[in-house]
Number of protein chains: 2
Amino acid sequence: MAEQVVAKGLEGIVAAESRICKIDGMAGKLYYCGYAIEDLTEHCTFEEVTYLLLHGNLPNVAQLEDFSGKMRKSRDLAGLVIEMIRQFPGRAHPMELLQSAISYLSSSVRHKIQHSDTCDCRTTLHQVVQIASVLATFWRFRNGLGYVPARMDLSHGANFLYMLRGEEPEPLEGEIMEKCLILHAEHGFNASTFTARMVASTKSTCYCSISSAIGSLYGSLHGGANERVMEMVDSVGAKEDARAWTEKALVEKRKIMGMGHRVYKVKDPRATIIEGLLNDLAALKKESGGLNILKEIEKVVVEKMEADGKQIYPNVDFFSGAVYRLLGIDPILFTPIFAMSRVSGWLAHIMEQRVDNRLFRPKALYVGPEPFEFIPLDQR
Amino acid sequence: MAEQVVAKGLEGIVAAESRICKIDGMAGKLYYCGYAIEDLTEHCTFEEVTYLLLHGNLPNVAQLEDFSGKMRKSRDLAGLVIEMIRQFPGRAHPMELLQSAISYLSSSVRHKIQHSDTCDCRTTLHQVVQIASVLATFWRFRNGLGYVPARMDLSHGANFLYMLRGEEPEPLEGEIMEKCLILHAEHGFNASTFTARMVASTKSTCYCSISSAIGSLYGSLHGGANERVMEMVDSVGAKEDARAWTEKALVEKRKIMGMGHRVYKVKDPRATIIEGLLNDLAALKKESGGLNILKEIEKVVVEKMEADGKQIYPNVDFFSGAVYRLLGIDPILFTPIFAMSRVSGWLAHIMEQRVDNRLFRPKALYVGPEPFEFIPLDQR
């Protein structure tokens, strides 16, 4: 073959059809299965959105009741899993624990089923739910606290905060946690979602596929940007210093964390929503939580960029770290919370991949040495 | 964009350059870093081949001694890992255990290092080595036996058999195990290797990348074919019945396991080598181990196919299950042994990916519903 074009990073390659997520980068619109993210965040629970992603349509009252019930029944951790978390090496990152725990959970279902073509991942919701419980329990153990049994009457987000803190969160806190989970649940073929589909394409189990996606999300080029936004906020220190800090950073061509997005040419619609949540939460907590600093950074960047004819706006990571921090969540949990939300999207993609599967198997362009003679060990 | 061609399964897409593996499908030749698989199997140890894959050149005596020493020192399992294996749910597949255990091991190194650009996976060989120890220990625990501490004087393959059986294997058995590991160590961008590169492209740790690759190899479209070859051998029963069985299977257009390969248009060079190993082992064990049945199936298939102008020959999976069975290895370990070998190739690809990295992020072609109005829950 004369021309072997290398599609580095698979950039521009359309790897599959999908019915799950529509992103209109020019208009700044995001839809899950045809529904605008603004509507879903405003009106739905995380369980309802998970149903939407897995079934392709919103549930009616009876369907939602049944589905939520199934998810809630899966909240508590088995004794063996609690012990596994307790014994997991102390310096492990919770993403390592999550990846390990999900493969572990795989063994608690009849895995033969998972290999069959007719397997329906929708029957194995407990992995979706248990990520939240594993994380909360990890954090408590690491901080010398005990396991908190799940509450069945709380939303998924509120129950996570409850299992983390050991006390019921304010209703607004629970709602905000829910909305954050909804906002991060799905976003097309990012690296972790594509990893999930890739592994699913070998007919591996959905647990193993999700475990692999977690490994992918752990990478610093994928998850973790909101943690670094908060480091930026801390290094700025006060609102008054934000303009000077940002102008200097721009002059020095340093990357402003949480600004700019490959797809969105306007403000990421999720950033707009999270900014609203941060506003509400700051009012409840009677502290800014970095909102004033973030707004000032945004203002300076947008101004300067527009002056240069460029368009760079906040993305989903810009305000989310500040929300989590005001909710009292340890930064080490920021990326794992991304996994706890995105797992719904991963599962939807795994199911979609299975329907019309073809094993992903790209080619490599060999650029290594031509064959040479073997040299025995004693002559090297 | 007018034309959005979907590259289903990424077929025909060249996803990256690589210096590791050259496959000449027409000539039936396979090279690791320029060295023919026949030479490597004949003259090298698995440790030596691992060095080759990770460094791009064969070691001299001093380098090999240092490298082997490092690998051997990593053989024994830490107490916590032994406990984890002991407590892993009994009905789990060992691939689930492996995926979980490798993420677990990740936490035993300083993971910050793993994220840095300068991280050298070659310093973390213990994950390569420990897969063998985890597997042997898993099998012993499942069979009511105890942990066998590693032997430092044996080759990697012989030590695996030793830790599995609790007694030293015959020298020829150890050599054959080594050669099987060498033969499976690398084969370009198969699904698991590409999964490893994909996860590495997010700058995740090499442990998490390998854990993800294990999830991918677990899929029934990827690992596991040699296990099904042996089911075929068992259902044939005797050499005398092999011709009739095969002819019937061909008439009924049933798939003959272990025959045919996407890339090789002639006999897979690895199949030729493994056939020789099976021959030697059968002589040692004074039993055919299915070799006579396999040779008869091969003969009939090749004959019939060539008569139809088609070329279908044995691939690497055709004889390997019979070798493992004669080595007394439980079929549940066949796919995990593939992982135990391929991990060297995965690590080589992870390192190569890191050198000139671009995050893998293909596109999806949206074919779902156009945006519609939100319908409140009580109106659905």
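The values are calculated or read from the model by the stated rules, or taken from the named source; none is laboratory data. Since the model is a prediction, treat every value here as computed from it, not as a measurement. When we count neighbours, we look across all protein chains shown, and the Cβ atoms used for this are built from the backbone with ideal geometry, even at glycine. Calculation scope for accessible area: heavy atoms of the full protein, side chains included, ligands and nucleic acids excluded. Shrake-Rupley method; radii C 1.70, N 1.55, O 1.52, S 1.80 Å.
What to note about this one:
- Quick note on the range A:295-380: its Rg to Rh ratio, both from C-alpha atoms and Rh being the Kirkwood radius, is 1.29.
- Label spacing, shortest first and in nm, from B:Lys299 to its equivalents in the remaining copies (7 angstrom along Cα→Cβ): 8.7
- The protein assembly as shown, helix-only ellipticity at 222 nm - DSSP H runs n ≥ 4, -39,500 (n - 2.57), divided by all residues, nearest 500: -17500 deg cm²/dmol
- Calculated accessible area for the range B:206-314 comes out at 44 Å² per residue, all protein chains present (probe 1.4 Å; ligands, DNA, RNA ignored).
- Around the Cα centre of chain A, unit charges on the Cβ atoms of Lys, Arg, Asp and Glu (plus for the first two, minus for the last two) sum to a dipole of about 720 debye.
- Comment: the Cα-to-Cβ extended label point of B:Lys310, at 7 Å, lies 5.7 nm from its counterparts in the other copies, nearest first.
- Rolling a 1.4 Å probe across all protein chains gives B:Asp308 an accessible area of roughly 110 Å².
- Partner aspartates and glutamates whose Cα lies under 17 Å from the Cα of A:Lys286, excluding those fewer than 8 positions away in the same chain, are identified as A:Glu170, A:Glu173, A:Glu275.
- Pairwise centroid distance, computed over Cα atoms, of the range B:53-72 with the range A:19-78, Å: 53 Å
- Whole-number Å³ per residue for the convex hull built on Cα positions in the range A:138-272: 180 Å³
- Globularity index of the range B:205-259, i.e. its alpha-carbon radius of gyration over 2.2 N^0.38 Å: 1.62
- A dipole drawn for the range B:223-380 from +1 and -1 charges on Cβ atoms has a positive end, and of B:Gln353, B:Val229, B:Leu250 the residue lying farthest that way is B:Gln353.
- Radius of gyration and maximum dimension Dmax of the protein assembly as shown, Cα, Å: 26.9, 89
- With its label point put 7 Å out from Cα toward Cβ, A:Glu168 sits 6.9 nm from the same residue's point in the other copies, in order from shortest.
- Per-residue shielding of B:89-102, expressed as the average number of other chain Cβ atoms within 10 Å of the residue Cβ, stands at 6.
- Tail weight of P(r) past 33 Å, computed on alpha-carbon pairs of chain A, percent: 34 percent
- Accessible surface of chain B [probe 1.4 Å, protein heavy atoms]: carbon and sulfur percent: 51 percent
- Counting DSSP beta bridges with both ends in the protein assembly as shown, the antiparallel % (nearest 5): 60 percent
- For the range B:51-79, residues shielded by at least 50 square angstrom of accessible area compared with the chain on its own, probe 1.4 Å: none
- Listing of the range B:11-44 residues, each with accessible area lower by at least 40 Å² in the full protein assembly than in the chain alone (probe 1.4 Å): B:Ile13, B:Val14, B:Glu17, B:Ser18, B:Arg19, B:Lys22, B:Gly34, B:Tyr35
- To the nearest 10, the accessible area of A:Val5 is 110 Å² with a 1.4 Å probe.
- Taken across both chains, chains B and A shield about 9200 Å² of accessible surface from a 1.4 Å probe.
- The residues of the range B:120-181 expose, per residue, 34 Å² of accessible area to a 1.4 Å probe.
- For chain A, built as a Gaussian network whose Cα springs stay under 10 Å, the top-fluctuating residue of A:His93, A:His43, A:His126: A:His43
- Complex-versus-alone comparison for the range A:202-218, residues with a loss of 40 Å² or more in accessible area, probe 1.4 Å: A:Thr202, A:Cys208, A:Tyr218
- Stokes-Einstein diffusion coefficient of the range B:225-326, Kirkwood radius over Cα pairs, 4 °C, 1.567 mPa s, in µm²/s: 96 µm²/s
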